[in-house]
Each structure stands twice: as structure tokens, then as C-alpha cells.
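Derivation of every value follows stated rules applied to the coordinates shown; laboratory data play no part. What you are looking at is a predicted structure, and each value in this text was computed from that prediction instead of being measured. Counting neighbours? That spans all protein chains shown, and the Cβs are built from the backbone with ideal geometry, glycine included.
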Amino acid sequence: MDYLLIQMLNGVQLGLLMFLLAAGLTLTFGIMDLVNLAHGSLYMMGAYFAWTLIGWTGSFVLGALLALPATFLLGVVVEVVVARRLYARDHLAQVLATFGLILFFNELVRAVWGPEGKSIAVPAFLDHTVQILPGASYPAYRFALIVVGAAVALLLAWLVARTKLGMLIRAGASNRRMIGALGINIELLFTLVFGLGAVFAGLAGLMAAPIASVKIGMGDDILIVAFVIIVIGGIGSIKGAFVAAMIVGQIDIVGRAFLPDMLKTFMDPASASGAAPAISQVLIYVVMAAVLVWRPTGLFGQRS
Amino acid sequence: MTGRSFGRAIIAAAAATLALGLQPALAQQSVKIGFISTFSGPQAAIGEDMRRSVELAVEHLGGKMAGKPIQIIYEDDQFKPDVGKQRSEKLVEQDKVNFVAGYIWSNVLLASLKTVADEGDTIMISANAGPSQIAGELCNKNFFSTSWQNDQTPMAMGEYLNQKGVKNLYLVGPNYAAGKDMLAGVKRTYKGKIVGEDYTKWPSQLDFSAELTKIGSVKPDGIFIFYPGAHGVQFVKQWAQAGLNKTVPLYQVFSIDAITLPQQGDLALGTLGAQEWVNDLPNPQNKRYVEDFKKKYHTYPSYYGAQSYDAIMLIASAVEALKGDLSSKDKIRAEMKKANFKSLRGDFKFGNNNFPIENFYIQEAVKDPQGMMTVKTIATAVTAAKDPFADKCPMK
Amino acid sequence: MLAALRTPRGAVTALLLLLMAALPLLTQAFDQRYLLSVGTRIVIWSIAAASLNMILGYGGLVSFGHAAFFGIGGYAVGILSANGIQSGWIQWPLALGVAILWAALIGALSLRTRGVYFIMITLAFAQLVYYLSSGLEAYGGDDGLNISRSRFGGLVDLRDKASFYWLCLILLLATLWFSSRLVHSRFGYVLRGAKSNELRMTALGFPVFRYRLAAFVIAGAFGALSGILLANDGAYVSPAMMSWVKSGDLIVIVVLGGIGALFGPLYGAITFFAVEEFLKPLLDLLHRGWGEYWQIVFGPLLVIVALYAQGGIDSLLGRRHD
């Protein structure tokens, strides 16, 4: 029972981390109709900024707090220089241009920070484990991840449901032309939304850094998973991204923690431990394909 | 527009031809060595360590082999087998190198083998990758290794665990060919009980919480892992964060080394690994290599670097023995086969499949007097070990 | 025919084809064997790009998983070869058959979606094949598989570089010829009509879905053909040949050459591989050591192409008439 609970907690934590990354992606996608492959690069840049700033300030919290505006500024620059020229273009041009940005950022990082990875230590006040049940403990830093992820989810829910920005986002996701008719400064709105998306990506990157490592191309690996999440959830829907991230988090944990034993009930152990990772590796793609076959615009996507 | 760009294309083509045309003249005087490794992307740190060691080797040789200048041409495989194959093809067909060395990854080596060793009839030296196929049925007279066969290092670890009396073990590794080889390797020799075996997604998995939770509930006497490069950093960090460093010791191969230790830091202290070379092996050539490397680059060299240094020295031994006359491939092969050079790991012999027959040591992650993380030798796990696939190789 | 030669496009293309046909002789005369290897790669990738162009260029369907067909073609040959079946007469048709079946299956599912959802679902299916091949432990898994080249009796020896190159070139010309016939048929008009206005084509009574599925299957078959050739070129297959980055490269080539242009895939592949081969040494000439960072230049180059050169290289050759 404890075991099951902790594994589910692992799934929640992983899902929330993915949600941080997916939230920014679905925002820019939903409101500006931009397929931004370089979102993973912003995730990476957030982590590298944090590494440098934590080194300067000597404090994890301070460094992390400074890295967020830095990533925001970078997002604004990317928006002004490249992204805004892509909104009116087809998805093909967007894929191509942002694919180019990935190459650029990866090699830029190598030129500036060098090829070897960087490490961000868990801040001292979170560097211990917490007893959550008798005999079962959980790393404190992972609790912090859950708290931050949940806080961002709540913040976004409030933003989307209760603010003018949220209204525009909702309007944009369902009918892009309507925003133009509302007589607001669209250029500024788009720049802000892109910057906000960059902040979420950067936050995900720097929060993941202490458990993962800060390295070139770190965003490319999980970008595809983030895309899978927003597609399952329905593009532009924050609620969809959240639900899908939770589903993907749990699927991932189930595939790794329980599938080998489940397979062993009807297969011999050797082939079960061989088949389990192969199945869990493709599980999210199967789920995505199944969702799209069932609902071609995702769980919460707008019908065209 | 068309006319102009076409004119430019002709100029470019002429310039390229000119540049290519100049090369054969140089080739006659110099020993040309192509070196394939990963110089871009997330694994570029390994390639950099190898290049530094190659440059140090050239420096130690005074820039010459048998009086001829050494010319090294580095090519980036981008961590992709097809790119590695293309670059190897370029080295053989265009640069017409005398030797091709390097290769971190098994799949890059396998993709390039035919191009270099068969169709290119060029001597090939792996400074790291050691897939079982090339040790066994695909062994090749033009292929030499200055590293090991994949299974050997974990087999040495298994032997050590037997000696130490570790009763049961939990295995974790990435779900790709080398990962499966490594876990299979430890199972070949380890006699205790395997209480769990997990394969994780490769290369995209960044979170090991599910596996660590399982390990925490099983409470084994030890964990055995194989996670090269950045993945080793991630696993070791998360193992320590989960508090398992206080309860379950970690035994590893290729996961904690000079490249990853600066990032793993104190978390890796006390962990044990197996390796055929350690920076404190007490032979004069190794002392000189490690000292000069640290002086020049302000960091410890890794086994990737040591194996690359050995690859250059092996080539030098053959070129020197032939007094720089590289016209006969048979003679070069015969000289290479003697392994008549001062290896950083101490002398070794090649087996029938041109893989080294060598010792494996157990190393512990420690802090040096300056506070820098490194590894030191604590035991010899096996001596003069031969790989388990040599019998499948038809060469005698 | 002769009139076509007087347009810049006709003249450049004719000259290019002449040069390509003579490439093995030229590389031999100038002792540049490696250029023939690069040429072979360009021709094979052109076939793959041409097959993607059939659905992406004419049908407007952005498949982000086309490299899966590289793998299907390649692995069909590889697996048969590993089991002792070396005859190309058996290997090649079988490989195409498997690709057609797979394309029909995933096409039927994927074509229910539109836009980005289509991009993502094709990517998902490609990832599925990718991981499946990594799991084929009997065939090398992740390490890939060294194979011997297909045999065609005494007809052609694929081990001979020049013969193999010419075979690839002939197959490329056949692919382009087929592609051109397809576009100018009724089938092609429906496909292109649906690209610009699906509703109208449906309203006119055309079964758009079935037309698109047919196009998807045809593209898959030609994609597999390039995979067969790629496997024979390197005598090696591995999961890496169908990673999502390869699908991205194919899109880059099609866009670079000119979307929906007949010879676009060829122009695109030549440019792509020329950049890969020459940008690094060029930067090294400017300053030693810069070459390694060539992607810092290549990345923004892609951005510029995407932003300002939508017509690709083809548009530099003047307006199209088709």
C-alpha cells in the first residue's frame, strides 16, 4: 500500500514537471497558433541561466528567482526577432524555423558554457528526506517540485478563468480573429504571452536541474513528450494540458513500476523484463494515437 | 540571379578541387590519422577529453613518428551512426588517412566497420566501443581495440562482488544494446542472487523515482548500474537524494568517471567501480600522462582519454618499427599485433580477435588533497582477462 | 522539349542531370572517390524527399514521421538478409509490400486528423516503429545490423560503387517521372485542390479521404524504396535511420528545394549535403576551430529560409508553369 502510494506520488511529481513545460507550449500554440520546437531550448536556457546566477549569488532561491526574468527577456528577444514573423505562416515554416533555433541554441550553449554538463545542487534546506508514512520516506526536494507545479497550475487556472489576459487567451484559443476585433494591442499581448511561456519553460528547466543534469540538448529529449501532452489534452487548453500531464505521468510510472510484474503473471520472467521497457517506451505514443483516433482534436480541444 | 549563383558554384568547386588536389603532396610526408568522436551535442565532453589526450600523445611524441610529422584529422560523429559512417568514409576516401581511430559508441563503430576495415582496407583502432559482434563473428584483421569488450568490465565487477560476499544485487541500466550487454556481463560472473532488474528508457529518461522506490522497498545489498555520461550524473544524484546512499551501496561501470565526477561531487564519495585503467596506476608512462594532463587542462583525464592516448602510442609503435614505411598493410598489421608500446595500463597482449588481454581494477571515488573529486585503485578484480567472445572469432 | 531547355529552369536542370549522369566517370578521372559517395547519398535522399513531396508538397499533409519508411524499407532488407535471403528480387518487393500495408494502416488512422494533430500523430507512429526496431534484439537492437547487399544475379553488382550510383539515379528519375505524371493526372488535381480547399472538393463529390490515403500509401512505398537503397549503400541498418531528427531533415530538404516543385527534392538534397560537407571546412578556413560550431550558422540559415525563401531554391530559377 505504501509502495503504491509512493509510486503514485512519483507519477504526480513527474506529471507536474511535464505540465510546467507543456503549459508554456500550449499557451503559445493556442493563442498565437505557433508550433514552437524551440520551447525545449528555453527550458535549457532557464537551467543554464540558473546555474550561472546561483554561482554568482551563492543562493539557490535567489539565483532561481533571477533566472526567471532572464528567461523572460530571452523569450521576448526570440519573439521580436523570429517568432512574431512566424505567426501568420503555415506550420511547416514554423517547424523549420524553430528547428533551426534548436541547433543554434545547442551550439551557442556549447560555445558559451562549454561541452561538459553543469550541476545544480539541491538547496540545503530541502536536502533531506521526509517521513510520509511509517517506514516510507520521500525526498524533500521532490515535494518542493510538487508544490511549485501545483502552485503554477492554480495560478494559471486563476489567470485563465478570472483575468483579462485569461479571457483573451480563451478567446484566442477558440477564435483567433475575435481578439483582433477587441481593439487591444495584439503585438504587445503576443510578446507578453510568449515571454510568459518562456518563463514557465525556464522554471521547468531550473526545477528539473537538481534531479537531472544541466546539459546541451536537455530540452530536446522531453520536448516531444511535452508535445504529446498538449496534443492529448487539446491544443490551447490549459486544463487539457494539466489532465494530459497527469495521465502521462501516471502511465510512465505504471509502465516502469508495475508493468514488469504484471507481465510476469502470464510470461516467463526473462521475456517479461525484456518486453516491459519496450512497451512502456511506446505506451504514451499509443495512448496519443488512440486519443486522436477517438477525438481528432484531443480531449479538450476546440472542434474546427 | 541564375548566372551569378552558377558562376559562384563553379568558383567554389574549383577552390574545393584545388584544396583537395594539394593534399596528396602532404600525405606522402606525414602520418595521417583520422579521429572520430563526438564533438557536438550533449556527449561532446567525452570527445573533448579524448581530443585532449590525443594532443598530449602527439606532444609527447614530439609531433613526429619515425621522423614524419603527425597529422590528425578530427571528425564529429554527432552521436549518430550514419553520420559517423559518412565521416569515416570521408577520412578513408578523401583524406586517405593511414589509420582511423576513436569511436565512443558501439553503433557508430558497427556502422563504420565495413567502410573502413573492409572496403577501405584501412587500419581501425577503437579507443572505447567494444561491441560483442566485433570481438566475435565480425572480427577483422584491420581492427584493433585499445579498450575492452563491453562485457568485460561488468564481469570484473561481478567477480569482485563475489569476493566481497555481496549476497544479492539489484541491476539497473538503460534499455539499449550496450545497457543490456553490461547487465548481462555482470550476470555472467556474479554468483549471488539478482533480486531485481530494471531497464529504463534511453536516452530520454530524466527521472528514476519509480526504480529507486522499487529498490527502496526491496532493500538489496547493493545496486549495480551502467549509465554513461550525463545519465550517470542523474542517477547518482537521485540515488543520494532518495536517501539510498545511506542504506544501499552503489556499484557501477562507466557511470562515475573524471568527466562526471565534477558534477556528482560528494554524492559519489565511496562508490565503487570497475575499470581497466585508473589514473593512479603506478607505471612511469601513466604518471607522466596524468601529471601533464592535469598541468595542461586543470582536470583529471578519464579512461576515454587514456584509451585514446594508447591508440596513438600503439600506432606510433608500428610506424617506428617500420621506420615510417607504411606501404605494406600486412607489415603494419603484424607490428600492431605485437602491442609493443608502453600502455598507460601497463603492458598487455592482443588476443586472437585483436582485443587486449588485460587486468581490471576496482576503483573508489575519493577526494584528492586539493579537494578535487577523483578515483583511486583499491583492488585488482581480475588479471589477464580475455573476453568471452574471442572463441567465436575465426581469426587465429 | 528543346524549348524547355531555353528557360533557366530547363537549362540548369538539364546541365545538372548531365553532370549527375557523368559523376562516376568524373570522380574517377579526378580521383575523388568520396564525391561519388556523397553523390549516392544525395540521390537516395532525393528519392525520399520526392516521396515526401508527394504528400507534403502536393497534398499539404505535413508528415513528421516519414523517416519511418526509411527504416521499414531498410529493415525488411536487413532482416531477410540476416536470415539468408539475399536475392533482391525477393527482398525489394517484400519490403515495398510491408511499407504499403503499414502506410495504409497508419494513413487511415492519421488522416482523420488535421494540421498539427496530423504532424503529431505521424510522429507518434514513427516513434513506435523506431522503438520497435530498437527492441529487435535478434537483429542487433540499438546497435543496428551489418548486412550484405542485395543480389540481382548477374544483372547488377551493388558492391560496385558506380553501378550502385547509376541504379539509384535511374530510380530517382523514375520516381520524379512518376511524381510528375501523378501531379498532372486527375488524381493530382484532386489532391492539390483539397490542399487549398478541402470543403469545396468534398462538396464537389470527391472522396478526399480516399485520395489522400492513396497518396499517403504511394509516398510510403517510394519512401521505403529509398530505405532499401540506404541499407544497401551502407550495408548497415539501425534504428537511428528513422529517428525524428531524420524526419525533420527530410522536411528541411523538401522546403529548401521548393515545396511542390518537381525537381525541388533534388535541389534541396544537394544543398543540404553541400552545407553539411562544406560549411565546416569553410568556417575553419576563416578561423581555425570555428568549423566545429557550424550549426550556429546553419540554424539561423534555416530560420532565414523559413522566413524569406518559402519557394526554396526552385523559385530562384524563375516562375513555375505547372
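Listed values, structure above:
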quantity: Equivalent ellipsoid, the range A:101-161 (semi-axes from 5 times Cα gyration tensor eigenvalues, Å); calculated: 32, 23, 9
quantity: Summed side-chain charge close to C:Tyr139 - residues other than C:Tyr139 whose Cβ falls under 15 Å, Lys, Arg +1, Asp, Glu -1; calculated: -3
quantity: Note, ³J(HN,Hα) from phi for the range B:37-43, Karplus 6.51, -1.76, 1.60, rounded to Hz, x at Gly and Pro; calculated: 7, 9, 10, 9, x, x, 9
quantity: Test item: C:106-113 mean partner chain Cβ contacts at 10 Å; calculated: 3
quantity: Residues C:Ile85 and A:Leu73, FRET efficiency given R0 of 56 Å [Cβ-Cβ distance, rounded to 0.05]; calculated: 0.40
quantity: Computed magnitude of the charge dipole of the range C:9-317 (debye, nearest 20; Cβ of K, R +1, Cβ of D, E -1); calculated: 1020 debye
quantity: Cβ charges +1 (Lys, Arg) and -1 (Asp, Glu), total dipole of the range B:286-396, debye; calculated: 140 debye
quantity: Test item: Cα-centred dipole of the protein assembly as shown, Lys/Arg +1 and Asp/Glu -1 on Cβ, debye; calculated: 1960 debye
quantity: By average C-beta atoms within 10 angstrom, highest first, the peptides B:370-383, B:135-148, C:144-157, A:19-32; calculated: A:19-32, B:135-148, C:144-157, B:370-383
quantity: Kirkwood estimate for the range C:19-105, i.e. one over the average of 1/r between Cα atoms, Å; calculated: 15.2 Å
quantity: Around A:Val214: net Lys/Arg minus Asp/Glu count, Cβ-Cβ under 11 Å; calculated: +1
quantity: Three-way shape call for the range C:191-322 based on the alpha-carbon gyration tensor, with the a/c threshold at 1.5; calculated: oblate
quantity: Cα lying deepest toward the dipole's positive end in the range C:9-317, options C:Ser37, C:Met20, C:Leu145, charges on Cβ; calculated: C:Met20
quantity: Distance between the range B:272-289 and the range B:137-203 - C-alpha centres, whole angstrom; calculated: 22 Å
quantity: Residues with amide H under 5 Å from that of B:Gly102, placed H, sequence gap 5 or more; calculated: B:Ile36, B:Ile125, B:Ala127
quantity: Amide H within-cut-off set for B:Asn359, under 5 Å, with H built and near neighbours excluded; calculated: B:Ala384, B:Ala385
quantity: Quarter of the Cα convex hull surface for chain B, i.e. its orientation-mean projected area (nm²); calculated: 21.4 nm²
quantity: For peptides C:302-311, C:19-28, sequence by mean Cβ density within 10 Å, most packed first; calculated: C:302-311, C:19-28
quantity: Kyte-Doolittle at least -1.0, axis length at least 20 Å by Cα - qualifying DSSP helices, chain A; calculated: A:2-32, A:39-57, A:60-81, A:91-113, A:140-162, A:186-208, A:218-233, A:238-257, A:269-294
quantity: nm² value of the averaged projected area, convex hull over the Cα atoms of the protein assembly as shown; calculated: 40.7 nm²
quantity: Size-normalised alpha-carbon gyration radius of chain A, reference 2.2 N^0.38 Å; calculated: 1.03
quantity: Viscosity 1.002 mPa s, 20 °C: Kirkwood-radius Stokes-Einstein D of the range C:9-317 over Cα pairs, µm²/s; calculated: 107 µm²/s
quantity: J(HN,Hα) series, the range C:102-110, from Karplus relation 6.51 cos²θ - 1.76 cosθ + 1.60, nearest Hz, glycine and proline x; calculated: 5, 4, 5, 5, 6, x, 4, 7, 5
quantity: Cβ crowding within 10 Å averaged over residues, with C:88-101, A:37-50 ranked highest first; calculated: A:37-50, C:88-101
quantity: 10 Å Cβ neighbours from other chains, averaged over peptide B:107-120; calculated: 4
quantity: Flagged links, alpha-carbon separation over 20 Å, of A:Lys264/B:Lys191; B:Lys68/B:Lys323; B:Lys337/B:Lys386; B:Lys164/B:Lys349; B:Lys164/B:Lys219; calculated: A:Lys264/B:Lys191; B:Lys164/B:Lys349
quantity: Qualifying trypsin sites (Lys or Arg not before Pro) in the range C:273-320, DSSP loop, other Cβ atoms within 10 Å at most 10; calculated: C:Arg288, C:Arg319
quantity: Inter-chain Cβ neighbour average for residues C:133-144, partner chain, 10 Å; calculated: 6
